[in-house]
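A short reminder: the numbers here are calculations on the coordinates, not readings from a lab. In this text, all values refer to a predicted model and were calculated from it rather than measured experimentally. Neighbour counts are summed over all protein chains in view; Cβ atoms, including those assigned to glycine, are modelled from backbone coordinates with ideal geometry.
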Amino acid sequence: MDDPVETALAVAFPDRRVEGLVGVGPSWNGGNETVGVDLVDGDRAYLKVAIAGDGSRIARERAVLEYVSARRQIPVPAVLAADPDAAVPYLATAPAPGRDLHEVLEAADDERRETLLRRVGATLATLHAERFEGHGEIVGRGERVGVGEAVDGAPDDGGPDDIDPGLEVETASWTDTLLATIERTREIGTTDRLARHFDAAIDCVESNRERLDGAPAALLHGDVAPPNAFLAEEGRAGGVAGDGTDDGAGDDPGVGLLDWELSHVGDPARDLVRARDQLCNGFDYEGPERFGEAVYAGYRDRAGGLPEGFADRRPIYRVVRVLGRSGFLDQWVTYLDEPMADLVERIDAELETRLTAV
């Protein structure tokens, strides 16, 4: 059988010679594979391939990258080529226009870390300002508005390349959309040892439909971990220079995002809870309060406050976040170098604590 990456390479870069491929670090999603592509002309690109043949995530990510690039002042990688319907679905993008946030945070002192985390919060607030009539799964591109046509109710006076991409959303209640994301986490999980945790989280969500379904409907990234964020280059998107200091270029957030394949339309509070957890917390403990609060402070600075109903729904989303441990215990064992039995005991206790708080 042909190698799926080699097959996609030939289609994505038909007129360019490839010098070699480079790894991009570990991934906890076995459905896709991403590689760096070094081209003979000196350029670098990135190629994401759906190795199992399901192009739904490729379609979603391409659509959202184009949408965010056109609609929000958030730096994102440029789409070079994509075909979610190919025999081997693929997405090729340019490098992120900035420095890996994970790398910058690792080298930062506490004061600078706080500043950077505030900028992530501001980026999320900028993203969440894009509201929709209803919640749901993003399945691909929607209607695309061209020159002279109305965009958001206003005339479009742009140039010949001014195309505003839309999103196709399969609408559903927020509860059902959230349940679908839980099932998606179960599908990509690398162990079913704690399947009971998924059942408990589903029961928790189902029993709180009334609290959940009135939530605002915003565009969510869905996976704001440090490797999926970058510090914008100096002069791009304003607000931050390449070394993390203010550059005086305006009010833009200065932190960009990549890896949008888990995007959906949902409650902005869910995205914010997950982002704080991924950016600041450990396996079963909260990181320093000052860092978590920095994420929230940046959000408040940009949005004027936390999402409507945040305090009421936050405990539910904290239950759902446990599944990022439960479904990937074998990965955490390697990362923490601790016995599996100890991790099971600890995360069992954490889930019970969070269920009680709901």
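Let's test the formula: R0 of 41 Å, r as the Cβ-Cβ distance of GLU187 and GLU111. What FRET efficiency results, to the nearest 0.05?
On the way: r = 41 Å, r/R0 = 0.99.
Efficiency at R0 = 41 Å is approximately 0.50.
Using a basic spin-label model with each label point 7 Å from the Cα along Cα→Cβ, how many nm lie between ARG16 and PHE283?
4.1 nm
If Lys and Arg each add +1 and Asp and Glu each add -1, what is the summed charge of the other residues whose beta carbon sits under 11 Å from the beta carbon of LEU212? Don't skip to the answer; put the middle values down first.
Details: positive: ARG209, ARG211, ARG270, ARG313; negative: ASP176, GLU206, GLU210, ASP213, ASP267, ASP312.
Net charge around LEU212: -2.
Obtain the nm distance between the two label points defined at SER207 and ARG44 by a simple spin-label model: each point lies 7 Å from its Cα along the Cα-to-C-beta direction.
4.9 nm
Rounded to the nearest Å, what's the spacing between the alpha carbon centres of segment 102-130 and segment 166-201? Just the number, please.
A separation of 27 Å, based on Cα centres.
With no solvent and one point per C-alpha, what does the Debye sum give as log10 I(q)/I(0) for the chain at q = 0.09, 0.11 Å⁻¹?
So the normalised log intensities are -0.51, -0.78.
ALA269: net charge of surrounding residues, Cβ under 10 Å, Lys/Arg +1, Asp/Glu -1, itself excluded? Numbers along the way, then the final one.
Working: positive: ARG270, ARG274, ARG313, ARG314; negative: ASP267, ASP271, GLU308, ASP312.
Summing Lys and Arg as +1 and Asp and Glu as -1 gives 0.
Can you tell me the length gained on complete extension of the stretch ALA195 to VAL139, counting 0.36 nm per residue apart and subtracting the Cα distance?
On the way: separation 56, 0.36 × 56 = 20.16 nm, distance 2.72 nm.
So the chain would gain 17.4 nm between ALA195 and VAL139.
Work out the charge dipole of the chain with +1 on the Cβ of Lys and Arg and -1 on the Cβ of Asp and Glu about the Cα centre, then indicate which of TYR299, ALA107, SER69 is farthest towards its positive end.
TYR299
So, with +1 on the Cβ of K and R and -1 on the Cβ of D and E, and no other charges, what is the size of the charge dipole of the chain about its Cα centre, to the nearest 20 debye? Before the final figure, lay out each step's value.
On the way: 37 positive and 71 negative charges, 126 e Å.
With only Lys, Arg, Asp and Glu charged at Cβ, the dipole is about 600 debye.
Lys and Arg at +1, Asp and Glu at -1: add these up for the other residues within a Cβ distance under 13 Å of GLU345 and post the number.
Working: positive: ARG193, ARG325, ARG346; negative: ASP284, GLU338, ASP342, ASP348, GLU350, GLU352.
For residues surrounding GLU345, the net value is -3.
Would you work out if segment 272-358 is rounded, prolate or oblate? Take a ≥ b ≥ c from the square roots of the eigenvalues of the alpha-carbon gyration tensor; rounded if a/c is under 1.5, else prolate when a/b is larger than b/c, oblate otherwise. Could the numbers behind the result be given before it?
Details: a/c = 2.82, a/b = 1.78, b/c = 1.58.
Taking the square roots of the gyration eigenvalues as a ≥ b ≥ c, segment 272-358 is prolate.
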